[in-house]
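J.: Supplied in structure tokens, the structure appears directly below.
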Amino acid sequence: MAGAPALQREPTEKEIKLVIAASSAGTVFEWYDFFIYGTLAGLIGAAFFPSGNETLQILLVWAGFAVGFGFRPLGAILFGFLGDRLGRKYTFLVTVTLMGIATAGVGLIPSAASIGIAAPIIVICLRILQGLALGGEYGGAAIYVAEHAPPEKRGFYTSFIQASVVGGFVLSIIVVLACRALIPADDFAEWGWRVPFLLSIALLGISLWMRLKLSESPVFQAMKEAGETSANPFKESLTYPGNPKRIFVALFGITGILTTIWYTAFFSSLSFLRRDMRVDESTVEWILLIAGFISMSFYIVVGKWSDRVGRKKPIIIGAVATLALLFPIFWAMGSLANPGLAQAAKDNPVVVTGQECTTDPFAELFDREQSECGKVLETLTASGVAYTIEAGDELGLSVGGEPVAIDANWTEDSAARRDGVQAALTARGFDFSKQTPPLLNILGIGGLLLVCGVLSALTYGSVAALLSEMFPAKIRYSSMSIPYHIGAGYLGGFLPLIAGIIVARTGDVYAGLWYTMAVVGFGLIVAWWGIPDGPPRDFEDSEDAPPVGPATW
């Protein structure tokens with residue numbers, strides 16, 4: 001790459017294949033460690049965040065998920081510094097080790113029933129370690145491959161890193177399905193869910209074995225031999241000419257788009273189908289497994305395509321298509337997943353009346369009193385039932401125009417309220433049983449998830465190459481990792497939590513999608529303005545040649 005001393009020897013094809021294989025496998029394992037938490041969100045909530053309020057319990061799980069992401073920028077600063085000072089290889093050896101140990105630790109923590117508040121505190125601490133590790137992993141793997149790749153194939157080679165992120169999600173589902181098949185359901189719910197976490201020790205061993213066989217990046221070796229490594233990569237990342245603009249573009253115009261689309265496509269759909277649409281868990285996992293596995297190829301196709309058309313075009317197309325298709329995709333998915341629920345809501349609209357008809361999903365956590373109307377709304381939302389609110393002096397609930405008798409103990413007993421509300425709605429055509437949609441519906445859901453996979457691939461497939469090309473070699477690890485992990489950590493990692501709060505507040509299971517729409521909409525404007533047009537190019541490392549227009553950095 002431009003901006004680094006000339007390489008003394010080009011890597012051989014065999015060496016490049018080993019680099020791609022080892023980096024991608026390590027990325028798969030590391031993201032598996034991170035995603036297994038989200039894949040098993042329901043069981044983790046029951047073990048470590050037990051609550052009589054179903055909505056609060058899942059929000060606490062997603063809060064723990066978000067905490068890990070919240071520490072990714074700190075990990076990016078720490079390991080970016082080490083990667084630019086000490087080298088790419090040894091830095092991401094440290095990150096994968098830290099991730100494996102922290103993930104296995106989650107599988108060893110006693111439940112909250114055994115050790116009380118200490119259980120969720122330990123979980124949060126381990127999530128912090130995972131976030132720190134992941135903050136150093138992506139930048140290291142992406143740069144390592146990019147600095148070995150010939151310029152004309154950089155998008156293609158680095159796309160395997162992008163596909164590996166999906167691979168980690170797919171692997172987490174494969175392991176969960178295998179454990180469910182081998183362990184009886186009751187045992188899996190009690191202790192078997194810990195096995196996928198403990199498996200990370202074996203994956204760590206494989207990853208370390210593969211990565212120890214690698215040599216240091218040739219670009220970093222040449223810089224080190226020439227004495228041109230950065231003395232303070234973090235400071236230089238913020239002060240290097242033109243870098244503030246590039247970091248802003250990388251944060252909002254690249255990472256903000258890709259990360260919200262990715263988590264909506266895979267995590268929001270997982271939660272939406274399992275919780276809101278009440279589809280059988282194994283069915284959802286199989287659908288996502290197949291769709292995710294097929295989607296991995298899309299990232300490689302897009303990465304290779306970007307070597308010809310440039311990095312900007314796929315991202316713009318993907319962002320525009322997402323804004324046009326996101327709501328229709330989820331509406332169609334809901335209709336296919338649980339057509340009876342959608343039809344019942346249409347035929348028998350639910351109306352709630354009363355005073356202070358707003359929900360406070362964190363009322364129990366902060367010892368606040370939820371209004372009587374708010375409690376009913378929370379139960380309807382947790383049941384996946386849409387409703388409308390009308391002003392009234394007294395609490396009332398009607399379905400299809402018929403009033404529902406409200407039992408006196410509904411206001412105090414959440415289980416009685418849930419059972420009573422669902423029984424009343426069941427008598428009027430609603431079905432709250434676990435759903436196994438017909439085969440054609442399952443195929444339709446899988447097709448819609450593949451469309452989501454295409455949208456994600458368009459905005460993600462070429463990004464490792466793009467970010468590597470945006471920054472000078474001596475501060476590349478820090479410069480690309482910091483905006484990437486701030487965006488992925490906060491804009492993407494907090495998506496399940498923010499979307500869940502929006503749904504809890506509005507009672508509309510689709511309302512959380514507006515968060516994705518807002519981030520992608522703003523990101524599209526930034527990307528259109530900030531990402532250069534034309535074919536891919538290396539970064540021109542010269543303070544005497546600042547960016548000259550929209551087609552260059």
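J.: Specify the residue that is surrounded by the most Cβ atoms within 10 Å (Cβ to Cβ); the eligible residues are those in the range 232-249 that are touching a Ser or Thr at 6+ places or on another chain (Cβ under 8 Å) and either in a helix (DSSP H, G or I) or not assigned by TED's automatic domain parsing to the domain that holds PHE522 (or both). So that I can check it myself, show each step before the final result.
T.: Taking the range 232-249 first, the residues touching a Ser or Thr at 6+ places or on another chain (Cβ under 8 Å) are 233-234, 236-237, 240, 243, 246-247.
Next cut, either in a helix (DSSP H, G or I) or not assigned by TED's automatic domain parsing to the domain that holds PHE522 (or both) only: 233-234, 236-237, 243, 246-247.
Numbers: PRO233: 24, PHE234: 18, GLU236: 17, SER237: 28, ASN243: 20, ARG246: 22, ILE247: 21.
Per the criteria, the residue is SER237.
J.: Looking at (1) closer than 18 Å to VAL503 by Cα; (2) in contact (Cβ under 8 Å) with a residue 40 or more places away in the chain, which is the one condition that is false for THR353?
T.: Unmet condition: (1).
J.: Output the qualifying pairs, or none if there are none: Cβ atoms under 8 angstrom, residues six or more apart or on different chains, first residue in the range 125-150 and in a helix (DSSP H, G or I) and buried (at least 24 other Cβ atoms within 10 Å of the Cβ), second residue modelled with pLDDT of 80 or more and among the acidic types (Asp, Glu).
T.: Every condition considered, the pairs that remain are ALA146/GLU469.
J.: Out of curiosity, is SER164 among the hydroxyl-bearing types (Ser, Thr, Tyr) and closer than 25 Å to LEU212 by Cβ?
T.: Taking the combined requirement at face value, the residue satisfies it.
J.: Looking at the range 89-117, which of its residues are among the aromatic types (Phe, Trp, Tyr) and out of contact with any Lys or Arg (no Cβ under 8 Å at 6 or more places or on another chain)?
T.: Once the filter is applied, which keeps residues that are among the aromatic types (Phe, Trp, Tyr) and out of contact with any Lys or Arg (no Cβ under 8 Å at 6 or more places or on another chain), the range 89-117 yields only TYR90.
J.: Condition test on THR388, is it out of contact with any Leu (no Cβ under 7 Å at 6 or more places or on another chain), within 30 Å of LEU258 (Cβ to Cβ) and among the polar types (S, T, N, Q)?
T.: No.
J.: Another question, if that's okay. With (1) out of contact with any helix residue (DSSP H, G or I) (no Cβ under 6 Å at 6 or more places or on another chain); (2) under 30 Å from LEU273 (Cα atoms); (3) hydrophobic (A, V, I, L, M, F, W, C); (4) modelled with pLDDT under 85 as the list, and TRP514 as the residue in question, which single condition is left unmet?
T.: Condition (4) is where TRP514 drops out.
J.: Right, here's the next one. So how many residues does the range 375-399 have that are surrounded by 14 or more Cβ atoms within 10 Å (Cβ to Cβ) and in a loop (DSSP other than H, G, I, E, B)? Talk me through it step by step, then tell me what you get.
T.: Just the residues of the range 375-399 that are surrounded by 14 or more Cβ atoms within 10 Å (Cβ to Cβ), to begin with: 375-387, 389, 392, 395-399.
Applying the additional criterion that residues be in a loop (DSSP other than H, G, I, E, B) yields 383-387, 392, 395.
The total comes to 7.
J.: Which residue out of LEU182, LEU171 is in the same structural domain as SER207 (by TED's automatic domain parsing), surrounded by 20 or more Cβ atoms within 10 Å (Cβ to Cβ) and modelled with pLDDT of 85 or more?
T.: On inspection, the qualifying residue turns out to be LEU171.
J.: Looking only at the range 504-541, how many residues end up being touching a residue at least 60 places away in the same chain (Cβ under 8 Å) and in a loop (DSSP other than H, G, I, E, B)?
T.: 16
J.: Moving to a separate point now. Going by what's in this entry, would THR255 be described as at pLDDT 90 or above, part of a helix (DSSP H, G or I), under 17 Å from the mean Cα position of the chain (by Cα) and farther than 30 Å from LEU336 by Cβ?
T.: Criteria met by THR255.
The values are calculated or read from the model by the stated rules, or taken from the named source; none is laboratory data. Quantities reported herein were computed from a predicted structural model and do not represent experimental measurements. Neighbour counts run over all protein chains shown; Cβ positions are idealised from the backbone, glycine included.
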